[in-house]
Amino acid sequence: MHRSWAEYRYTTKRVDDPSEGWAAIELHRAKNGSAATNRVARVIFWDAQGQFFIEAFGEEIPLSIAEELIAEAKTEIRTK
């Protein structure tokens with residue numbers, strides 16, 4: 001995802017830890033014009049649980065951005 005909403009720019013990054021059995025899509029946010037980003041949420045798939053979870057890190061996230069993050073995770077992370 002590379003999307004602007006209000007004064008923020010949202011991007012995503014895939015992260016994996018096969019040794020711990022998870023993969024995730026992280027959501028990062030930056031003020032428009034700033035290079036510094038903060039991780040604000042992630043959708044993670046745990047192999048042991050066989051399902052997705054969403055984690056927010058103390059930030060409010062527009063629902064449309066959260067829905068897009070969830071859709072991206074479901075598309076990008078292979079599940080068994």
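The values are calculated or read from the model by the stated rules, or taken from the named source; none is laboratory data. Predicted, not measured: the structure shown is a model, and the values here were computed from it. As a convention, Cβ positions derive from the backbone with ideal geometry for all residues, glycine included, and neighbour counts pool all protein chains shown.
Exactly one residue out of Glu55, Glu59 is at pLDDT below 95 and touching a Lys or Arg at 6+ places or on another chain (Cβ under 9 Å): that is Glu59.
For segment 41-65, give me each residue that is under 17 Å from Tyr8 (Cβ atoms), under 8 Å from the mean Cα position of the chain (by Cα) and of a type in the set (A, V, I, L, M, F, W, C). Residue satisfying the conditions is Ala41 alone.
For segment 9-28, does any single residue satisfy the condition of being among the hydroxyl-bearing types (Ser, Thr, Tyr) and surrounded by fewer than 13 Cβ atoms within 10 Å (Cβ to Cβ)? Yes - at least one qualifying residue is present in segment 9-28.
The strands (runs of 3 or more DSSP E) falling completely within segment 1-74 that include 1 or more residues that are among the aromatic types (Phe, Trp, Tyr) and touching a residue at least 40 places away in the same chain (Cβ under 8 Å) map to 2-5, 8-17. A count restricted to segment 39-50 and to residues that are more than 16 Å from Lys74 (Cα to Cα) and surrounded by 13 or more Cβ atoms within 10 Å (Cβ to Cβ) stands at 2. Taking segment 36-51 as the range and being over 16 Å from Glu67 (Cα atoms) and aliphatic (A, V, I, L, M) as the test, the residues that pass are Ala36, Ala48.
If the condition is being farther than 19 Å from Glu72 by Cα and small (Gly, Ala, Ser), then segment 51-60 contributes only Gly58.
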